[in-house]
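The values are calculated or read from the model by the stated rules, or taken from the named source; none is laboratory data. Note that the coordinates shown come from a computational prediction; the quantities given were computed from them, not determined experimentally. Using ideal geometry, Cβ is built from the backbone for each residue, glycine included, and neighbour counts are taken over all protein chains shown. Quick note on the areas: whole protein, heavy atoms, side chains included, nothing else; ligands and nucleic acids left out. Shrake-Rupley method; radii C 1.70, N 1.55, O 1.52, S 1.80 Å.
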Amino acid sequence: MKKHNFSAGPSILPQEVLKKASEAVVNFNNSDLSLIEISHRSPDFVDVMEKARALVLELLDLNDKGYAALFLQGGASLEFLMCPYNLLKENGKAAYINTGTWSSKSIKEAQLIGNVEEIASSKDKNFNYIPKDYNIPKDIDYLHCTSNNTIYGTQFKKFPITDALLVCDMSSDIFSRKLDFSQFDLIYAGAQKNMGPAGTTLVVVKEAILGKTGRNIPSMLDYQIHISKDSMYNTPAVFPVYVSMLTLQWLKDLGGIAAIEKKNIAKAELLYSEIDNNPFFKGATVKEDRSNMNVTFLLTDNSKKEIFDQMCKDAGINGIKGHRSVGGYRASIYNAMPIESVQVLVDLMQKL
Ligand SMILES: Cc1ncc(COP(=O)(O)O)c(C=O)c1O
């Protein structure tokens, strides 16, 4: 049965990427060896790592702008800690915008390292909007935001403007829309949404901002060490990096971020317009801040839940149960999700 995978992460990847990746597990580059049993220092794998890093900078239009791309481990959750370790000066201060669970967790980790000011939050309305009215202090080392809120389904459409360094957790919308990525000094993203399997985390960092905190940083947490070792300070997550490389190549072949953004907008418009026009459903967030990656919605009449859930199951729809802190439904429509699958969901909503 054809499945339509709306999971929030780990989530859908392009079929052709999965096929190539599975082949490489058995026979990588016609070597009669598996990708996961060869040395990460072998020329074939070094080539994969270099290609993946180069594709990141090319797709984000950050070539020759002083950025390095790293594929690290520990998930985006470890970046919550690495970021203050590398950027927050001894006796300095960082500012955070709290737009949900993930930003709250990043704040908690930063507080272990130094002084943190939460300058804005949408907690008062269960994170159903992006705060817009706030002051950014002048005396901060960096400002941290989360571009897309995977759980609540909100997304920054415009980013704060500051003279301080701008740091962004883009775990759930990286490579999905055109942005001036050079407005950020540090971007990080777990792979398991728009890139590959869980197990590697992308970090894109402007090299000139590093080494200025005055603190000793443990090696594995030190971006400068990872950069100096070409993202191979220790054994990298070879399989997740390989799959990420394939997905990035798939995206480039498709026409890059500009091409995928058009598709993503079309999918989001299709689904949101059904949510807005169908009296049985309503959106879970304010309209202007809606995410084009994670579409959250609720039934207006909960007695229809059982029947709608059964209809979805029968149609092969997977992973649309909303997160427990929002309830209802969450359809994650990442880059690899075809519009045809979104249409299947919309058809069911109409049938209901
Ligand atoms: C926006 C965001 N940040 C951080 C995380 C945590 O990522 P990880 O599980 O890779 O640590 C997630 C996970 O879904 C996320 O959506």
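Worth pointing out:
- Close amide H pairs (under 5 Å, H built 1.01 Å from N) link residue 12 with 7, residues at least 5 positions away or on another chain.
- With the whole protein complex present, residue 220 retains an accessible surface near 90 Å², based on a 1.4 Å probe.
- Remark: accessible surface ordering of 169, 309 (largest first) is 309, 169, probe radius 1.4 Å.
- Ranking 66, 107, 217 by Cα position along the charge dipole of the chain, where only Lys, Arg, Asp and Glu carry charges on their C-beta atoms, puts 107 farthest toward the positive end.
- The listed residues 141, 230, 253, once ranked by accessible area (1.4 Å probe) with the largest placed first, stand as 253, 230, 141.
- Ellipticity estimate at 222 nm from DSSP helix runs (n ≥ 4, -39,500 (n - 2.57)) divided over the chain, nearest 500: -11000 deg cm²/dmol
- When +1 charges are put on Lys and Arg Cβ atoms and -1 charges on Asp and Glu Cβ atoms, the dipole computed for segment 277-348 relative to its Cα centre reaches about 240 debye.
- Spacing of the two label points (7 Å from each Cα toward its C-beta) at residue 39 and residue 324, in nm: 4.7
- Of the residues 24, 136, 241, the one whose Cα sits farthest toward the positive end of the charge dipole of the chain, with +1 on the Cβ of Lys and Arg and -1 on the Cβ of Asp and Glu, is 136.
- Apolar share of the accessible surface for the chain: 49 percent from carbon plus sulfur atoms, 1.4 Å probe.
- Placing +1 on the Cβ of every Lys and Arg and -1 on the Cβ of every Asp and Glu, with nothing else charged, gives the chain a dipole about its Cα centre of roughly 720 debye.
- Stretched out straight at 0.36 nm per residue, the stretch from residue 288 to residue 157 would grow longer than its current Cα-Cα span by 46.3 nm.
- Gain upon complete extension [residue 235, residue 198; 0.36 nm per residue less C-alpha separation]: 11.7 nm
- If the chain linking residue 252 and residue 19 were pulled fully straight, counting 0.36 nm for each residue of separation and taking away their Cα-Cα distance, it would gain 82.1 nm.
- Furthest towards positive pole of dipole, 283, 272, 208, structure part segment 197-352, Cβ charges: 208
- Inter-site label distance for residue 302 and residue 262 at 7 Å from Cα along Cβ, in nm: 4.3
- Mean-position separation - Cα centroids, segment 131-202 and segment 24-101, in angstrom: 16
- Across q = 0.08, 0.09, 0.10, 0.12 Å⁻¹, the chain modelled as identical point scatterers on its alpha-carbon atoms has Debye log10 I(q)/I(0) values of -0.40, -0.50, -0.62, -0.88, in the order of the q list.
- Counting only protein heavy atoms and using a 1.4 Å probe, the accessible area of residue 184 comes to about 0 Å².
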